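Chemist: The structure under discussion is supplied below as structure tokens; questions concerning it will follow.
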Amino acid sequence: MLAPRRWMSVLLAAILTVTLAACTRPTPAPEEARDLAIGATAEPNGLDMITVPGAGTPFVLLYNVYETLVKLDGDGTVRPLLAAQWNISTDRLTYTFTLEGRAKFASGAPVDAEAVVASFERARSSAATDQIRGKWAVVDTIAAKDDLTVEVTLKNPSNQWLYDMTGPAGSVSDPTATADLNTTPAGSGPFVFDAWDQGNSIDLVANEAYWGTPARFDEVTFRYFADPNAMSAAMLSGQLDIISNLTVPQAIDQFKDTSRFTTYEGTTDGEVVLGFNHATPALADLRVRQAINHAIDRRALVDAAWGGKGTLIGSMVPPTDPWFEDLSQAYPFDPEKAKTLLAEAGFATGLTLKLRVPNLPYAPPAARFIAAQLKDVGITVEVEEIDFARWLDQVYGQHDYDMTIVAHVEPRDMGAFAAEGNYWGYSNPDFNALLLEADAASSTEQVRLLREAARMLSDDAAADWLFLLPNIIIATNDISGIQANQISLSFDLTKLAARN
């Protein structure tokens with residue numbers, strides 16, 4: 001039974017000219033209105049995806065409240081959304097988007113070319129986060145050619161840009177909105193923002209005037225749980241319809257009653273990274289970073305901290321990317337090798353580092369495991385757990401830490417290590433040049449160059465890639481349309497329905 005109300009790349013740039021026809025959107029037969037309650041962990045720090053960092057905001061709003069010209073589906077394929085079709089010029093510099101003529105914002109205002117241009121210009125303005133603005137660095141001009149045609153011209157060919165437009169950087173907001181988008185989102189999606197009870201829940205309601213396939217739920221509530229065991233208890237007691245990602249994989253057997261629950265196991269793009277602050281003097285030494293990599297038994301860490309669920313990767317590339325190469329054994333578990341490297345770096349008598357981690361489910365148990373293992377090689381680790389909002393400020397913003405642990409869930413995010421002012425303080429001109437060359441290359445060359453870039457990160461021990469988060473979703477048998485893989489940043493409600 002559903003919970004009671006309120007509880008609840010395709011590498012297109014390799015093709016010289018591409019035209020994709022609009023998806024047909026047949027209207028389904030009327031069905032009984034239902035409410036949906038979803039358990040989640042990472043609450044947004046704000047509701048404006050352009051000005052607020054973190055994955056919690058697009059998890060709720062992307063594709064549900066805000067739409068993009070093109071969308072990433074569960075297989076990682078770029079599909080039409082607000083753009084009915086698009087063309088790429090033969091020199092791969094000009095993208096011409098033809099907008100879906102029926103699209104309109106929840107306010108009733110049209111999703112026209114001027115609205116798209118205004119949204120895109122905002123996304124590359126100083127108001128945007130560095131991460132969002134960086135995705136627009138390759139763009140030269142954005143223009144409305146007529147009411148339903150937008151033309152974007154790049155400075156140089158890019159394999160990545162269109163893919164990036166499937167995420168928050170490509171979201172289109174209502175230019176007629178008068179309220180602050182950080183408190184009152186205004187989009188064109190099948191749902192409308194209703195309320196945010198900070199620390200507890202976010203409510204969305206169906207957009208009754210949605211231009212496409214209508215929402216299949218009257219109301220959707222994302223409920224936030226600091227304690228993952230409490231979320232499991234809420235699911236077992238019928239207060240939730242879905243656990244969006246089971247963050248205590250050890251608890252999976254609680255949901256083995258197939259008459260009530262269905263378990264979906266897939267993959268994510270969430271690299272759980274032990275990040276090093278390269279501005280910390282000891283961590284500026286390659287030998288220290290390599291020693292830490294050798295000192296941690298990553299398979300044992302996954303077994304201890306994540307119920308044995310999770311893939312070892314070795315660099316900032318998940319297996320779903322075409323340029324993945326298994327680098328998980330580049331630094332095999334070898335405490336004696338770690339001690340030798342530390343001695344060579346001048347730390348034979350010991351070293352103390354602060355490990356500051358957010359209170360997200362995977363981080364504290366991983367931190368405690370790592371502290372114990374590093375102690376064995378002579379590194380004293382002072383673990384500090386902080387809430388995610390403080391982590392975003394102190395670690396991500398102020399770079400006030402020695403080591404940290406966080407999952408980077410954005411698709412194809414190796415470029416984060418090339419971003420100016422990145423919070424790791426990693427800087428390698430050769431790595432940056434490889435990424436730029438790969439972005440403008442043919443698809444075959446792109447794969448080769450990005451594999452080389454991933455190996456360079458590994459050789460530099462730029463971080464320690466602990467494991468790739470699995471995607472474990474628990475749903476009641478009333479719910480259909482669950483996507484096992486979490487490849488985009490969105491928990492896409494448009495695929496879900498209640499079984500009759």
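The values are calculated or read from the model by the stated rules, or taken from the named source; none is laboratory data. As the structure is a computational prediction, the values presented were derived from the model and not from experiment. Don't worry about glycine lacking a Cβ; one is built from the backbone with ideal geometry, like all the others, and counts go over all protein chains shown. In case anyone asks, the SASA skips ligands and DNA or RNA and just uses the protein heavy atoms, side chains included. Shrake-Rupley method; radii C 1.70, N 1.55, O 1.52, S 1.80 Å.
Chemist: Whether any residue in segment 315-322 is open to solvent by 30 Å² or more (accessible area, probe 1.4 Å), under 17 Å from H294 (Cα atoms) and not in a strand (DSSP E or B) is what I want to check. If you could, list the steps in order and put the result at the bottom.
Modeler: Looking only at segment 315-322, we keep the residues that are open to solvent by 30 Å² or more (accessible area, probe 1.4 Å), and these are 319-320, 322.
Then keep just the ones that are under 17 Å from H294 (Cα atoms); that gives none.
So far as segment 315-322 goes, no, none of its residues is open to solvent by 30 Å² or more (accessible area, probe 1.4 Å), under 17 Å from H294 (Cα atoms) and not in a strand (DSSP E or B).
Chemist: Being surrounded by 16 or more Cβ atoms within 10 Å (Cβ to Cβ) and assigned to a helix (DSSP H, G or I) is the filter here, so list the residues in segment 251-281 that pass it.
Modeler: Correct list: A251, I252, Q254, F255.
Chemist: Here's another thing I want to ask about it. Of the residues L353, L342, only one is open to solvent by less than 10 Å² (accessible area, probe 1.4 Å) and assigned to a strand (DSSP E or B); which?
Modeler: On the way: L342 fails: assigned to a strand (DSSP E or B).
Answer to the selection: L353.
Chemist: Within segment 404-415, does at least one residue satisfy the condition of being surrounded by fewer than 17 Cβ atoms within 10 Å (Cβ to Cβ) and touching a helix residue (DSSP H, G or I) at 6+ places or on another chain (Cβ under 7 Å)?
Modeler: No.
Chemist: Can I ask one more? Going by what's in this entry, would A186 be described as modelled with pLDDT of 95 or more, among the hydrophobic types (A, V, I, L, M, F, W, C), farther than 21 Å from F222 by Cα and surrounded by fewer than 23 Cβ atoms within 10 Å (Cβ to Cβ)?
Modeler: Numbers: modelled with pLDDT of 95 or more: yes; among the hydrophobic types (A, V, I, L, M, F, W, C): yes; farther than 21 Å from F222 by Cα: no; surrounded by fewer than 23 Cβ atoms within 10 Å (Cβ to Cβ): yes.
Answer is no for this residue.
Chemist: Is it true that some residue in segment 443-466 is at pLDDT below 95 and assigned to a loop (DSSP other than H, G, I, E, B)?
Modeler: Within segment 443-466 (the criterion being at pLDDT below 95 and assigned to a loop (DSSP other than H, G, I, E, B)), the answer is no, since none of the residues qualifies.
Chemist: If you check every pair at least six apart or on different chains, which have Cβ atoms under 8 Å apart with a residue in segment 107-118 that is at negative phi first and a residue that is basic (K, R) second?
Modeler: So the pair list comes out as P110/K104; V111/K104; A113/K145.
Chemist: List every residue pair whose Cβ atoms lie under 6 Å apart, where the two residues are 6 or more positions apart in sequence or sit on different chains, the first residue falls within segment 369-390 and is closer than 16 Å to T349 by Cα, and the second residue, located anywhere, is at pLDDT 95 or above and surrounded by fewer than 18 Cβ atoms within 10 Å (Cβ to Cβ).
Modeler: Here the result reads D376/P335; V377/P335; T380/T352; V381/A371, each pair linking segment 369-390 to a residue that is at pLDDT 95 or above and surrounded by fewer than 18 Cβ atoms within 10 Å (Cβ to Cβ).
Chemist: Got a number for residues in segment 283-300 being open to solvent by 10 Å² or more (accessible area, probe 1.4 Å) and of a type outside the set (D, E, K, R)?
Modeler: Result for segment 283-300: 5.
Chemist: Just to be sure I understand, how many residues within segment 368-392 are under 30 Å from T51 (Cβ atoms) and part of a helix (DSSP H, G or I)?
Modeler: Our first condition is that a residue be under 30 Å from T51 (Cβ atoms); within segment 368-392, this holds for 384-392.
Filter once more, keeping what is part of a helix (DSSP H, G or I): 388-392.
Total satisfying the criteria: 5.
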